[in-house]
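For reference, the structure discussed in these notes is given below.
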Amino acid sequence: MCGIVGYVGGRPCRDLLVAGLEKLEYRGYDSAGISLLADGRVETVRAVGNLANLRAAAGMDGGEDGGVAVAAPPATIGLAHTRWATHGRVTEENAHPHGDCSDAIHIVLNGIVENHSELRAELTEQGHSFSSETDAEIVAHLIERNYEGDLTEAVRASFNELRGHYAFAAMHAAHPDTLVAARQECPLVIGIGEDELFIASAIPAFLAQTRRALAIENGEVVTVTAAGATVTDAAGTPVEREVQDVSWDEEAAEKGGYETFMRKEIDEQPDAVAETIADRLPSRDRVDLSELEISPEVIAGVRRIVIVACGTSYHAGLVGRYAIEQWARVPVEMDIASEYRYRNPVVGSDDLVIGITQSGETADTLAAMRLAREQGATVLALTNIMGSQATRDADAVLYTRAGLEIGVAATKTFTAQVACMYLLGLWIAQQRGTLDDERLSELISELKALPHKIQETLDSVSEQVQAVATAEHEGRFFLYLGRNIGLPVCLEGALKMKEISYIPSDAYAAGEMKHGPIALLDESTPVVCVATDSPTLDKMLSNMAEVRARGADVISIVTAGSGRAAEDSDLMIEVSRTDWVLQPIVAILPLQLLAYDVARMRGLNVDQPRNLAKTVTVE
Ligand code: G6P
């Protein structure tokens, strides 16, 4: 979830740009950079680590002199960026901005260029030379290739050659009064001040300077000068767009116009998953987790995988267990970290232990990981936070790239964790040769399509979910039933409901219903049944029939177009169709929204529920 800030106007802009980046820090980043154009030259400073390092490198705060610090006259046009590594390691060379061969064109990019390897090969063939491992640098060279004196046209031509989801902004030494940007799926917004304009990936970046904003839509190119912005579509046809007045205060700005962080984070899930899978699926037939630094021999020799985690991360692990066992045929044990660490577990050098913790600081998970490592197991941390304790305690680290999650109830970190577990499952299967090539590439294609399917599902389910919430928000109890891969979805859905709406809720393996929970059912009980397509769908449908026979209302979560649950449901909510093992990542979305809507209708603070903390560091 990189951040973009650009400025063109009459004021020296170095500090304005860095101040803008500071407002985007919540998106998460591992390096940052800034390019300023003055005197017909572009100067760049980049730094690994936080913005304090960039400030020092740029000669701000009295630090060492950077090129841009001494640029005279001070630049009044520039681009800045915070990067979260996807393609290429965390290095200064890979940080943005990136330049073309002549260093006249500089770009910053947020998102992923999917066809980067074809384009890189083509451009290399034509004599372009690259100085980074990133997909983003391709864009600078493409613009160079397409440039014939008109920067907007060069950007448009380049934009039309790219595939993926991204937003980028470019400047050219020969056009010291112009920035050009384009958007495909990643956010892009223009801030309009008095004789000065901003380009940003989110409004907070310029809110301290102007409250007038122009939203850029998918497939559009925008040319920005101090005098104004001109929006065109990918074919060059002008687009009329109204400038909006942003009425947000600082807190609302951080929420990006949403009422709560949780709702914003629910909507960030397509992006979080896209960033997480990005470069790890470099082609249709291969998963690349070489970043893990676990030798192929270790993976080939693993006897057992043990997953330890707490809370929502535990549920992500449960989904992962199904995926790994199904695809890689390695036995997986799942344990709650606070149980595992105190039960003198049998673990040793044949085991791979995966600690899942979005914060990387949960005391029980850290203790469970340490214990396993002391016993000789290979320990892998799955976390969202760079430099967290879990990353230091593990043999290898796999990062989710969900950006900072502020709402206490985990949402986007959950789906990003689940995406990582799918990647791991496929990678282990690939290393051990347990899937044939056709099935592997089928699953990779499905995985690549998930960000789109998450978006599609979020868009399509919201009205139905609201109707359920309206009908049930005063309820006394919610029951969630599922089988197989649907069960962790139920556990997570019920956890969301109890933690933010305070309505007692329980999740059960549907086959266990007859052993007790059936006694809870009456006409006032809403029963949420996860009945997406799977080998156990028929069994699930019989369970739903049993529930309805007791007068309870069945709200079913089903695979779009399946229709099989219609007879046994009072209300069906359809989620996008994908491979059955991948269904949880879309099936959870209506359950997150349901808990959210119910809690809001009850007037509760969903971002900070009572008695709960984002990270539990007390042993
Ligand atoms: C707390 C949070 C949960 C989270 C759990 C584990 O209870 O409220 O949302 O799932 O900790 O956190 P971790 O950072 O280890 O994933």
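Can you find even one residue in region 375-391 that is away from the ligand (no atom under 16 Å from the Cβ) and buried (at least 20 other Cβ atoms within 10 Å of the Cβ)? Even if it seems obvious, please write down each step before you answer.
Within region 375-391, the subset away from the ligand (no atom under 16 Å from the Cβ) is 375-378.
Narrowing the set further to residues that are buried (at least 20 other Cβ atoms within 10 Å of the Cβ) leaves 377-378.
Checked region 375-391: at least one residue is away from the ligand (no atom under 16 Å from the Cβ) and buried (at least 20 other Cβ atoms within 10 Å of the Cβ).
Residues being surrounded by fewer than 21 Cβ atoms within 10 Å (Cβ to Cβ) and either at pLDDT 85 or above or of a type in the set (S, T, N, Q) (or both): count how many of those fall in region 52-72.
Of region 52-72, the ones surrounded by fewer than 21 Cβ atoms within 10 Å (Cβ to Cβ) are 52-53, 56, 59-65, 67, 69-72.
Among the residues that remain, those that are also either at pLDDT 85 or above or of a type in the set (S, T, N, Q) (or both) are: 52-53, 56, 59-60.
Residues that pass the stated criteria total 5.
Looking at Ser283, is it surrounded by fewer than 18 Cβ atoms within 10 Å (Cβ to Cβ) and within 20 Å of Leu443 (Cβ to Cβ)? Break it down stepwise before answering.
Details: surrounded by fewer than 18 Cβ atoms within 10 Å (Cβ to Cβ): yes; within 20 Å of Leu443 (Cβ to Cβ): yes.
Considered against the rule, which asks whether it is surrounded by fewer than 18 Cβ atoms within 10 Å (Cβ to Cβ) and within 20 Å of Leu443 (Cβ to Cβ), Ser283 comes out as yes.
So, Met601, is that one open to solvent by 10 Å² or more (accessible area, probe 1.4 Å), over 23 Å from the mean Cα position of the chain (by Cα) and free of Cβ contacts under 8 Å to residues at least 24 places away in the same chain or not?
No, not satisfied.
Scan the strands (runs of 3 or more DSSP E) fully inside region 429-543 and keep the ones with 1 or more residues being in contact (Cβ under 8 Å) with a residue 24 or more places away in the chain, among the charged types (D, E, K, R) and open to solvent by 10 Å² or more (accessible area, probe 1.4 Å).
Working: elements: 478-482, 505-509, 526-531.
Output list reads 505-509.
Could you tell me which residue of region 402-460 is farthest from Ile324 (Cα to Cα), considering only residues that are within 16 Å of the ligand (Cβ to nearest atom) and of a type in the set (Gly, Ala, Ser)?
Among them, the one singled out is Gly407.
Residue-by-condition table, conditions (1) assigned to a strand (DSSP E or B); (2) under 25 Å from the mean Cα position of the chain (by Cα); (3) of a type in the set (D, E, K, R); (4) modelled with pLDDT of 95 or more:
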residue: Tyr314; (1), (2), (3), (4): no, yes, no, yes
residue: Gly320; (1), (2), (3), (4): no, yes, no, yes
residue: Ala323; (1), (2), (3), (4): no, yes, no, yes
residue: Trp327; (1), (2), (3), (4): no, yes, no, yes
residue: Val330; (1), (2), (3), (4): no, no, no, yes
residue: Glu339; (1), (2), (3), (4): no, no, yes, yes
residue: Pro345; (1), (2), (3), (4): no, no, no, yes
residue: Gly348; (1), (2), (3), (4): no, no, no, yes
residue: Val353; (1), (2), (3), (4): yes, yes, no, yes
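From the list Ala202, Ala174, Ala227, Ala253, which residue is of a type outside the set (Lys, Arg), in contact with a helix residue (DSSP H, G or I) (Cβ under 9 Å, 6 or more places away or on another chain) and either open to solvent by 40 Å² or more (accessible area, probe 1.4 Å) or modelled with pLDDT of 95 or more (or both)? Before the answer, list the steps.
Values: Ala202 fails: either open to solvent by 40 Å² or more (accessible area, probe 1.4 Å) or modelled with pLDDT of 95 or more (or both); Ala227 fails: in contact with a helix residue (DSSP H, G or I) (Cβ under 9 Å, 6 or more places away or on another chain); Ala253 fails: either open to solvent by 40 Å² or more (accessible area, probe 1.4 Å) or modelled with pLDDT of 95 or more (or both).
Answer to the selection: Ala174.
Suppose we filter region 287-304 for residues that are assigned to a loop (DSSP other than H, G, I, E, B) and either β-branched (Val, Ile, Thr) or exposed (fewer than 14 other Cβ atoms within 10 Å of the Cβ) (or both); how many remain?
Restricting attention to region 287-304, the residues satisfying the condition of being assigned to a loop (DSSP other than H, G, I, E, B) are 287-289, 293-295, 302-303.
Next cut, either β-branched (Val, Ile, Thr) or exposed (fewer than 14 other Cβ atoms within 10 Å of the Cβ) (or both) only: 287, 293-295, 302-303.
So the answer is 6.
Name every residue in region 408-420 that is crowded, with 23+ Cβ neighbours inside 10 Å and of a type outside the set (Lys, Arg), in order of residue number.
Our first condition is that a residue be crowded, with 23+ Cβ neighbours inside 10 Å; within region 408-420, this holds for 409-420.
The answer is Ala409, Ala410, Thr411, Thr413, Phe414, Thr415, Ala416, Gln417, Val418, Ala419, Cys420.
Can you tell me which residues in region 84-133 are farther than 30 Å from Asn53 by Cα and in contact with a Cys (Cβ under 9 Å, 6 or more places away or on another chain)?
Scanning region 84-133 gives Gly127, His128.
Can you list residue pairs whose Cβ atoms sit under 9 Å apart, with the first residue in region 287-311 being of a type in the set (Phe, Trp, Tyr) and the second being in a strand (DSSP E or B) and modelled with pLDDT of 90 or more? Count only pairs 6 or more apart in sequence or on different chains.
Hits for this filter: zero, empty list.
Quick check on my filter: what residues within region 500-542 are more than 21 Å from Tyr322 (Cα to Cα) and of a type in the set (S, T, N, Q)?
Scanning region 500-542 gives Ser501, Ser505, Ser524, Thr525, Ser542.
Out of region 122-136, which residues are part of a helix (DSSP H, G or I) and at pLDDT 95 or above?
Looking only at region 122-136, we keep the residues that are part of a helix (DSSP H, G or I), and these are 122-125, 136.
Result: Glu122, Leu123, Thr124, Glu125.
Being buried (at least 21 other Cβ atoms within 10 Å of the Cβ) and assigned to a strand (DSSP E or B) is the filter here, so list the residues in region 553-576 that pass it.
Val554, Ile555, Ser556, Ile557, Val558, Thr559, Ile573, Glu574, Val575, listed by residue number.
Consider Asp351 against the criteria (1) more than 29 Å from Gly482 (Cα to Cα); (2) open to solvent by less than 10 Å² (accessible area, probe 1.4 Å); (3) near the ligand (Cβ under 9 Å from one of its atoms): it satisfies all of them except one. Which criterion is unmet?
Failing condition for Asp351: (3).
For region 353-373, which positions are among the small types (Gly, Ala, Ser) and touching a residue at least 60 places away in the same chain (Cβ under 8 Å)?
Initially, region 353-373 is screened for residues among the small types (Gly, Ala, Ser), giving 355, 359-360, 363, 367-368, 372.
Correct list: Ser359, Ala363, Ala367, Ala368, Ala372.
Which of the residues that make up region 332-348 are away from the ligand (no atom under 16 Å from the Cβ) and open to solvent by less than 70 Å² (accessible area, probe 1.4 Å)?
Step one: of region 332-348, the residues away from the ligand (no atom under 16 Å from the Cβ) are 332-333, 342-348.
Hits for region 332-348 are Val332, Pro345, Val347, Gly348.
Checking the structure you have, find out if any residue of region 577-591 is within 16 Å of the ligand (Cβ to nearest atom), surrounded by fewer than 20 Cβ atoms within 10 Å (Cβ to Cβ) and either in a loop (DSSP other than H, G, I, E, B) or of a type in the set (Phe, Trp, Tyr) (or both).
No, the conditions are met nowhere in region 577-591.
Starting from residues that are farther than 11 Å from Asp393 by Cα and of a type in the set (A, V, I, L, M, F, W, C), keep the ones in region 354-371 and report whichever is nearest to the ligand (Cβ to nearest atom).
Ile356
Residues being open to solvent by less than 20 Å² (accessible area, probe 1.4 Å) and within 30 Å of Ala157 (Cβ to Cβ): count how many of those fall in region 230-250. Don't jump to the end; show me each part of the working.
First pass over region 230-250, keeping only residues open to solvent by less than 20 Å² (accessible area, probe 1.4 Å): 231-232, 246.
In the following step, the residues that additionally are within 30 Å of Ala157 (Cβ to Cβ) were identified as 231-232.
Qualifying residue count for the region: 2.
The values are calculated or read from the model by the stated rules, or taken from the named source; none is laboratory data. Computed from a predicted structure; not experimentally measured. Methodologically, a virtual Cβ is constructed for each residue, glycine included, from the backbone with ideal geometry; neighbour enumeration extends over all protein chains shown. Accessible surface areas use protein heavy atoms only, side chains included; no ligands, DNA or RNA. Shrake-Rupley method; radii C 1.70, N 1.55, O 1.52, S 1.80 Å.
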